[in-house]
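The values are calculated or read from the model by the stated rules, or taken from the named source; none is laboratory data. Not measured: the values here are computed from a predicted model. So basically every Cβ, Gly included, is an ideal-geometry build from the backbone, and we count neighbours across all protein chains shown. Calculation scope for accessible area: heavy atoms of the full protein, side chains included, ligands and nucleic acids excluded. Shrake-Rupley method; radii C 1.70, N 1.55, O 1.52, S 1.80 Å.
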Amino acid sequence: MDAYNCPKGHNSQDSDYCSECGAKIQAAPASSAAEDAGPFSGSSGSSGSSSRSAVEHCPSCGAPRDTPGIAFCEICGWDFANGPATGAVPAAPPETEAAPASEADSGPDSTVGLAPPQFPGWSVTVSVDALLTGSGSPQPPSDVVPQTLALAKPVTLIGRRSDVRAIYPEIPLQFDDAVSHRHALLQIDANGGLLLRDIGAANGTRLNGREIEPMVDHPVHDGDQITLGYWSRIAVKAVS
Amino acid sequence: MSDAFKAEVFQNEFLPAGTGEVHAIMTVSAGEDVTAAPRERLFGILCDSSGSMDGGKIVAAKAAMAKLVTMLPVDTHFFLVTGSDEARLVCPVARATPENKQRALAAIHEIRAAGGTKISNWLHSAWQQFRSMPNAVRQALLLTDGQNDVTDESPLQEALHHCEGVFQCDCRGVGTDWKVAQLRTIATKLLGTTDIIPTPAQIEADFQGILQKALGKTVVDVALRLWTPLGAKVKFCKEVSPEIVDLTGRSRELKPQLREYPTGAWGKDESRDFHFCIEVPSGAVGDEVLAGRASLVYTMQGVETKVAEARILAVWTDDDGKSTKINRMVAHYTGQTELAQSIQEGLDARARGDDDKATALLGKAVQIAASSGNDATAKLLRQVVDVVDADKGTVRLKQSVSKEDSMALETRSTKTARISKTN
């Protein structure tokens with residue numbers, strides 16, 4: 001995420017040296033604890049506590065709050081107005097309320113608080129795999145660059161972004177129309193293990209090529225492959 | 001998996017103000033556990049069966065192929081192509097089961113030498129076979145004894161373009177009637193090695209070596225990615241160990257500032273060194289910038305995994321003591337590159353009859369080989385020149401040099417020596 005400020009004013013994706021010009025980044029990343037503790041006033045400009053920039057950053061994921069007054073973080077769904085109350089994961093869809101909602105209520109959120117603990121244990125690589133294209137599928141896009149994301153939060157939503165329904169998945173698969181807006185969850189359990197749950201997605205989810213039962217947690221291991229939609233592939237990797 | 005590859009950078013990051021040329025050597029080693037999963041392997045042999053191979057060469061080549069087929073482990077796949085003006089698929093892709101091996105041995109027995117040499121057709125036939133197993137370790141071996149047909153020049157370029165990335169190919173020339181430059185073009189493009197097999201009797205041992213190496217490969221389709229800052233220019237990127245291969249023109253731009261160079265398949269415990277030269281916009285004294293971020297990425301079933309990363313820095317200083325120091329690794333490989341160049345130009349000059357120039361260049365080569373500890377090259381040089389004083393580079397050209405020795409020196413001149421990694 002564009003969370004590091006280069007001395008020459010670029011938004012850097014790397015924490016050590018600017019990903020644009022290579023200049024050494026001296027300051028701490030914008031999502032540091034100091035800023036987390038700051039007040040979350042409604043309008044962005046007024047907080048202005050940061051001397052480096054007037055842009056407010058999401059306390060959860062560190063992404064800049066580009067549009068002033070926007071209610072939720074565009075990246076992780078953080079509720080700027082109410083802080084941690086709504087939690088890291090947007091509320092579950094009506095038809096699947098029971099399970100994920102209970103997870104969100106009872107689970108990590110209350111303990112997560114303002115500074116979510118980092119889980120550097122898992123990362124996923126999202127790609128389009130043309131080999132998955134079925135007979136009825138449209139042509140896969142060729143311009144999607146595989147992307148590796150660290151699972152930074154205890155609950156990660158896989159789905160398709162919808163501004164209308166205010167769904168902002170951590171793993172957005174915009175390029176695949178056969179992915180449900182709320183498709184599946186990846187959750188890190190108390191022991192650091194990873195669980196995959198299909199949350200009633202219309203077209204189902206496959207783990208290592210096998211369709212998984214919806215609304216049931218399936219353990220996921222290093223090297224496992226999740227496939228969904230027309231041609232989306234998510235490779236899971238344990239990071240030590 | 002994350003510790004499978006290790007990358008280290010050796011450089012002098014200090015630059016005097018007003019300059020921006022950064023040199024760095026990156027050494028990459030694949031560790032013990034690069035084995036991601038049991039890999040499928042497809043091994044293809046492309047054997048010259050043109051008329052010139054008739055006699056001892058084709059007999060030896062057939063025996064070597066038969067030996068190779070017999071040695072293939074049962075979990076590998078293989079195919080055989082013989083080539084003259086056309087390619088003949090002697091044995092299509094098959095698992096190395098005892099029955100399939102028997103069938104292949106019978107087919108090898110039937111091979112007859114006749115016709116010309118059009119390598120583009122052989123490559124095309126191999127391409128079709130390799131396409132059937134895109135996720136396997138894909139290694140070919142091309143054996144020829146002659147020069148490619150003059151009319152095949154542009155079809156060959158096209159075929160190489162086609163095959164690039166589909167399989168890797170080691171090239172071997174048997175005898176002395178082939179052209180080093182021609183085979184090296186093929187091998188370089190297909191990320192393989194080139195070597196001479198002076199006499200047919202040596203074919204078998206060489207084939208076995210290539211097979212052993214191919215069986216050791218565990219990670220395929222590894223690419224070297226180089227990020228550079230805005231306004232920077234990559235002056236060159238070369239593999240410098242175990243062999244000098246200029247990769248500069250081989251890059252593919254993924255997006256602005258990020259380019260990718262192919263490095264092919266890696267085996268466990270394999271180690272290679274790369275030399276980068278990057279020109280960055282010059283900075284003020286005290287500035288520190290990242291001049292390059294080099295990473296190794298491999299792709300398996302469409303999923304990319306980054307396995308190692310290293311940083312190349314530039315720090316501007318007004319302390320001449322710091323900025324004028326040349327890093328030992330950089331100096332060593334700059335020397336090895338010069339050594340290869342001196343040999344190639346020296347042999348050229350000798351062939352043209354320019355003995356003075358040849359003596360000077362080969363003398364310089366002897367001097368560098370001796371001082372850098374490249375014993376293998378030094379030994380090959382002694383077949384071509386009489387060394388009077390290795391330290392001063394004083395040599396005399398030998399009056400009669402066998403063509404094998406001269407070709408062996410030419411093909412192996414790009415092999416480099418390493419130095420210990422103390423900095």
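Where the centroid of each part is defined by its Cα atoms, how far is region B:153-197 from region B:1-31 in Å? That distance is 30 Å. Residues of region B:297-321 that lose at least 50 Å² of accessible area (1.4 Å probe, protein heavy atoms only) when the other protein chains are present, relative to their chain alone, are B:301, B:303, B:304.
Computed from protein heavy atoms with a 1.4 Å probe, the total accessible area buried between A and B is close to 1500 Å². Under the convention that each Lys and Arg Cβ holds +1 and each Asp and Glu Cβ holds -1, the size of the dipole of chain B around its Cα centre is about 640 debye.
Within the full protein context, the accessible area of residue B:245 is estimated at about 40 Å² for a probe radius of 1.4 Å. Principal-axis analysis of the Cα atoms of chain B puts helix B:153-163 at an angle of about 80° to the longest axis. The figure for residue B:404 is an accessible area of roughly 70 square angstrom, using a 1.4 Å probe on the protein chains alone.
Taking only the C-alpha atoms of chain B, the Rg (one decimal) and the largest Cα-Cα distance, Dmax (whole number), read 22.9, 73 Å. Would you give the gap between the C-alpha center of region B:226-240 and the C-alpha center of region A:172-226, rounded to a whole Å? A separation of 40 Å, based on Cα centres.
For the listed residue pairs B:233/B:403; B:101/B:403; B:101/B:379; B:6/B:189; A:237/B:217, the alpha carbons are over 30 angstrom apart in B:233/B:403; B:101/B:403; B:101/B:379.
Could you check which residue among B:311, B:250, B:412 shows the biggest mean-square fluctuation in a GNM of chain B with a 10 Å Cα cutoff? Judging by the Gaussian network model, the answer is B:250.
Under 5 Å between amide hydrogens, built in the peptide plane, is the criterion, and for residue B:175 it picks out B:197, B:199 among residues at least 5 positions away or on other chains. A Gaussian network model of chain B, with springs between Cα atoms under 10 Å, assigns the largest mean-square fluctuation among B:326, B:58, B:278 to B:326. Against the main long axis of the alpha-carbon atoms of chain B, helix B:180-189 sits at an angle near 80°. With contacts taken as Cα pairs under 8 Å and at least 6 residues apart, region B:19-163 reaches a relative contact order of 31 percent. For residue A:10, the solvent-accessible surface computed with a 1.4 Å probe is close to 50 Å², ligands and nucleic acids excluded.
Residues in region B:62-68 carry Karplus couplings, in order, of 5, 5, 5, 5, 4, 4, 4 Hz; the curve used is 6.51 cos²θ - 1.76 cosθ + 1.60 with θ = phi - 60°, and Gly or Pro positions show x.
In this structure, the residue pairs whose Cα-Cα separation is over 25 Å, taken from B:235/B:255; B:306/B:415; B:57/B:268, are B:306/B:415; B:57/B:268. Based on C-alpha pairs under 8 angstrom that are at least 6 apart in sequence, region B:226-298 has a relative contact order of 45 percent.
The convex hull around the C-alpha trace of region B:1-151, projected and averaged over every direction, spans 14.2 square nanometres. Taking all protein chains together, A:176, B:75 sort by accessible area into B:75, A:176, largest first [probe 1.4 Å]. A simple count of charges around residue B:357, restricted to other residues whose Cβ falls under 12 Å of its Cβ and scoring Lys, Arg +1 and Asp, Glu -1, yields -2.
Between the helical axis of B:403-412 and the longest alpha-carbon principal axis of chain B there is an angle of about 50 degrees.
Computed from backbone phi with θ = phi - 60° and the Karplus coefficients 6.51, -1.76 and 1.60, the 3J(HN,Hα) list for region B:253-262 is 7, 7, 7, x, 6, 10, 10, 10, 10, x Hz; x is used for glycine and proline.
Between B:57, B:255, B:235, the Gaussian network model of chain B with springs among Cα atoms under 10 angstrom shows the greatest mean-square fluctuation at B:255. Under a 5 Å amide H cut-off, with hydrogens placed 1.01 Å from N, residue A:23 pairs with A:18, B:290 among residues at least 5 apart or on other chains.
Summing +1 for each Lys or Arg and -1 for each Asp or Glu among the other residues whose beta-carbon sits under 9 angstrom from that of residue B:173 gives -1. Put simply, the amide H of residue B:218, placed in the peptide plane, has neighbours under 5 Å in B:266, B:267, B:268, leaving out anything fewer than 5 places away on its chain. Once divided by 2.2 N^0.38 Å, the Cα radius of gyration of region A:121-239 becomes 0.99. Taking the helices alone, chain B has a mean residue ellipticity at 222 nm of -10500 deg cm²/dmol, built from -39,500 (n - 2.57) per DSSP H run of at least 4 residues and averaged over all its residues. Put A:163, B:152, A:14 in order of accessible area, highest first, and with a 1.4 Å probe you get A:163, A:14, B:152.
Sequence-ordered 3J(HN,Hα) estimates for region A:175-192 from the Karplus curve with 6.51, -1.76 and 1.60 and θ = phi - 60° stand at 7, 10, 6, 8, 8, 6, 4, 10, 9, 7, 10, 10, 10, 9, 7, 4, 8, x Hz, glycine and proline given as x.
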